[in-house]
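A short worksheet on the structure shown next.
The values are calculated or read from the model by the stated rules, or taken from the named source; none is laboratory data. All figures in this text were calculated on a predicted structure; none of them were measured in a lab. Heads up, the Cβs are rebuilt from the backbone with ideal geometry, glycines too, and the neighbour counts pull from every protein chain shown.
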Amino acid sequence: MFRIRKIQDDLFPMNRQAVEQVQEILRSRFPALREDQVAAIPHQLRDPLKYRFRSILFVAENIRGRVQGFALLMHAPDERFCFLDYIATSRGATASGTGSALYERCREEARLLKATGIYMEGLPDDPALCPDLEILEENRARLKFWERFGVRPIANTRYETPVKEGDTCPPYLLADILDNGEPPAAARARQVCEAILRRKYGDYCPDDYIRDVVESFRDDPVVLRPFRYLRKQPAAIAVARGPDEGPPVRLFYNEHHDIHHVRERGYVESPVRIRVLLKTFGTSPLLKQGTARSFPEKHIRAVHAPELVDYLKAACRATPEGRSVYPYVFPIRNPDRRPKDLGILAGYYCIDTFTPVHRNAWEAARRAVDCALSGAEELLGGHPCAYALVRPPGHHAETRVYGGFCYLNSAAIAAHYLSRYGRVALLDIDYHHGNGHQEIFYRRSDVLTLSIHGHPSTTYPYFCGFRRERGEGPGLGYNHNYPLREQAPATEYRKVLAAALQEVARYAPAWLVVSFGLDTAKGDPTGSFAFTGRDFEKAGRMIGSLRLPLLLVQEGGYLTRSMGQNALSFIKGIHETITRS
């Protein structure tokens with residue numbers, strides 16, 4: 001089992017480790033490569049201007065982070081094509097479907113980039129060009145692999161002409177026309193050929209050689225060699241999308257979230273919230289459900305203090321089914337003087353009087369974290385947007401305390417997880433201040449935290465969320481609060497949102513995590529704003545316009561008669577911007 005992850009630099013630890021493993025595979029599978037070519041991989045990722053291609057590395061990793069294969073896709077945005085520089089698997093992974101999965105991911109990326117095709121080189125299967133019979137059989141096997149995707153050599157050209165006398169096995173130029181229906185015109189093919197030869201081989205191929213090869217593309221449109229190894233032409237690899245469509249937002253939710261149900265009057269954080277949203281989403285083409293997987297508890301403990309995690313597990317396990325234990329004693333916290341009674345100890349770990357320990361609170365919160373991390377994994381695989389529709393919410397849970405209906409901070413755990421691969425911005429648009437995000441990342445610069453919320457002088461959690469709270473130490477300047485007055489109109493909110501998004505753009509993160517609250521809606525019992533579906537759609541469009549890989553994590557929102565349509569409107573705004581090129 002493996003996942004495919006997109007890497008665009010080697011500046012963060014997990015990316016650096018993956019690139020080093022890719023270089024190991026290159027040395028093993030391509031022994032003729034010079035060491036300077038292997039060493040150039042990270043530089044290709046970092047410096048597109050020098051190499052005149054924007055390089056995108058896809059790695060297939062197992063759950064332990066071991067790279068089983070990779071593909072290096074090079075994008076020429078000025079010429080609107082992609083060039084597949086390398087695709088290879090580690091020894092022992094050739095029969096696992098790794099290569100096919102990697103190439104299908106390359107095709108998906110090329111479509112998102114609006115490329116007119118993917119081009120690559122393939123060693124020849126003609127004995128006149130490759131006299132070594134053993135190598136010839138390997139070349140035939142590779143060309144058979146490519147035919148499964150409809151990829152074939154461009155015929156009737158001089159591309160496979162040796163550059164120097166004595167060169168053997170000169171490559172064909174192969175073309176994947178994706179969903180474009182027919183091969184490119186001769187003029188277009190000449191542009192692509194010249195770009196490849198000059199940008200990739202300009203230091204090896206003389207000018208007269210390049211001119212000769214380029215001018216040999218005379219068929220209009222070019223002709224792809226007939227299928228040689230497949231008995232029948234393969235079916236389309238993927239259904240072509242219309243010009244105005246984009247990939248759906250990947251939805252993750254816990255089917256068993258309702259195990260956490262506090263059946264008490266006035267407790268608004270109830271299972272009906274998720275049921276209403278799912279019913280509204282229905283068969284909407286904007287969302288597609290994914291399957292959440294379980295993640296190790298270490299990801300929770302990387303964000304929350306071990307004593308909080310241990311307490312929640314023990315207290316929930318000790319609470320009888322159907323009962324809720326609320327804190328009622330709030331001492332000045334003294335780590336050396338903790339009571340033994342779990343019920344009394346609730347006041348040590350909880351910040352309010354309305355968030356109970358419940359038999360299934362830990363399990364529900366744990367599964368919410370799994371949904372958020374599954375969404376983060378989706379982004380690592382290159383999907384533009386994922387939505388973790390979870391309950392209980394999480395943004396009020398801090399390193400050592402819980403509260404505000406929140407036990408574990410799903411969004412912060414996902415942000416921390418992503419921060420191993422690149423910088424992260426965490427934007428909270430719930431009506432209430434994201435105190436958990438602020439406290440967890442207050443001394444860090446690798447996660448930018450921003451929160452737009454009701455003013456803490458009148459709004460929970462009251463004691464934080466002021467503008468002057470800007471971070472400490474290495475995190476100074478990386479925490480931004482935007483408190484708004486009660487009944488602030490949507491026009492004022494959008495001005496503040498625009499300012500927050502400017503901060504995000506300046507930070508230039510690899511990922512954007514949004515704590516998505518629906519309690520800013522008109523009539524919500526916990527908020528004072530009056531946003532409509534149209535306001536949510538506009539906000540979604542503004543956030544999506546950053547074109548950053550986006551993880552939405554559900555927080556509040558308690559007016560069930562409107563929350564479904566408001567959420568769908570927000571998703572529509574996101575989809576109209578982030579998923580389209």
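Of the residues Asp535, Asp524, which is in contact (Cβ under 8 Å) with a residue 12 or more places away in the chain and part of a helix (DSSP H, G or I)?
None of the other options fit; the residue is Asp535.
Any chance you could count how many residues in segment 436-456 are under 22 Å from the mean Cα position of the chain (by Cα) and surrounded by fewer than 24 Cβ atoms within 10 Å (Cβ to Cβ)?
Residues meeting the conditions: 3.
Quick test for you: out of Ala346, Ala368, pick the one residue that is part of a helix (DSSP H, G or I), in contact with a Lys or Arg (Cβ under 8 Å, 6 or more places away or on another chain) and surrounded by 13 or more Cβ atoms within 10 Å (Cβ to Cβ).
Result: Ala368 is the single residue among Ala346, Ala368 that is part of a helix (DSSP H, G or I), in contact with a Lys or Arg (Cβ under 8 Å, 6 or more places away or on another chain) and surrounded by 13 or more Cβ atoms within 10 Å (Cβ to Cβ).
Within segment 144-190, can you find the residues that are at positive phi and buried (at least 18 other Cβ atoms within 10 Å of the Cβ)?
Hits for segment 144-190 are Gly150, Leu178.
Given the criteria touching a residue at least 40 places away in the same chain (Cβ under 8 Å) and surrounded by fewer than 14 Cβ atoms within 10 Å (Cβ to Cβ), does Ile63 qualify?
yes
Being crowded, with 23+ Cβ neighbours inside 10 Å and hydrophobic (A, V, I, L, M, F, W, C) is the filter here, so list the residues in segment 352-365 that pass it.
Val357, Ala361, Ala364, Ala365
Considering every residue within segment 570-580, establish whether at least one is surrounded by fewer than 24 Cβ atoms within 10 Å (Cβ to Cβ), closer than 15 Å to Leu251 by Cα and at pLDDT 95 or above.
yes
Determine which member of the set Ala412, Ala388, Ala397 is buried (at least 23 other Cβ atoms within 10 Å of the Cβ), touching a Leu at 6+ places or on another chain (Cβ under 6 Å) and either touching a residue at least 60 places away in the same chain (Cβ under 8 Å) or within 30 Å of Arg105 (Cβ to Cβ) (or both).
Going through Ala412, Ala388, Ala397 in turn, the sole match is Ala397.
Tell me, yes or no, whether segment 427-438 has at least one residue that is assigned to a strand (DSSP E or B), touching a residue at least 24 places away in the same chain (Cβ under 8 Å) and under 20 Å from Arg506 (Cα atoms).
There is at least one residue in segment 427-438 that is assigned to a strand (DSSP E or B), touching a residue at least 24 places away in the same chain (Cβ under 8 Å) and under 20 Å from Arg506 (Cα atoms).
Would you check if Ala40 is assigned by TED's automatic domain parsing to the domain that holds Glu20 and in contact (Cβ under 8 Å) with a residue 24 or more places away in the chain?
no
Any chance segment 96-114 includes a residue that's surrounded by fewer than 19 Cβ atoms within 10 Å (Cβ to Cβ), assigned to a loop (DSSP other than H, G, I, E, B), touching a helix residue (DSSP H, G or I) at 6+ places or on another chain (Cβ under 9 Å) and modelled with pLDDT under 95?
The answer is no, given that none of the residues of segment 96-114 is surrounded by fewer than 19 Cβ atoms within 10 Å (Cβ to Cβ), assigned to a loop (DSSP other than H, G, I, E, B), touching a helix residue (DSSP H, G or I) at 6+ places or on another chain (Cβ under 9 Å) and modelled with pLDDT under 95.
Which residue is modelled with the lowest pLDDT, if the candidates are limited to segment 201-235 and must be in a loop (DSSP other than H, G, I, E, B) and of a type in the set (A, V, I, L, M, F, W, C)?
Step by step, filter segment 201-235, then rank; the result is Ala235.
Does Gly69 fit the bill of being surrounded by fewer than 19 Cβ atoms within 10 Å (Cβ to Cβ), touching a residue at least 24 places away in the same chain (Cβ under 8 Å) and within 26 Å of the chain's Cα centre (by Cα)?
In short, no.
Can you run down the residue pairs with Cβ atoms below 6 Å, 6 or more apart or on separate chains, where the first is in segment 14-30 and in contact (Cβ under 8 Å) with a residue 12 or more places away in the chain and the partner is polar (S, T, N, Q) and buried (at least 19 other Cβ atoms within 10 Å of the Cβ)?
Every condition considered, the pairs that remain are Ile25/Ser90.
Among the numbered criteria (1) in contact with a strand residue (DSSP E or B) (Cβ under 9 Å, 6 or more places away or on another chain); (2) touching a residue at least 12 places away in the same chain (Cβ under 8 Å), which one does Pro48 miss?
(2)
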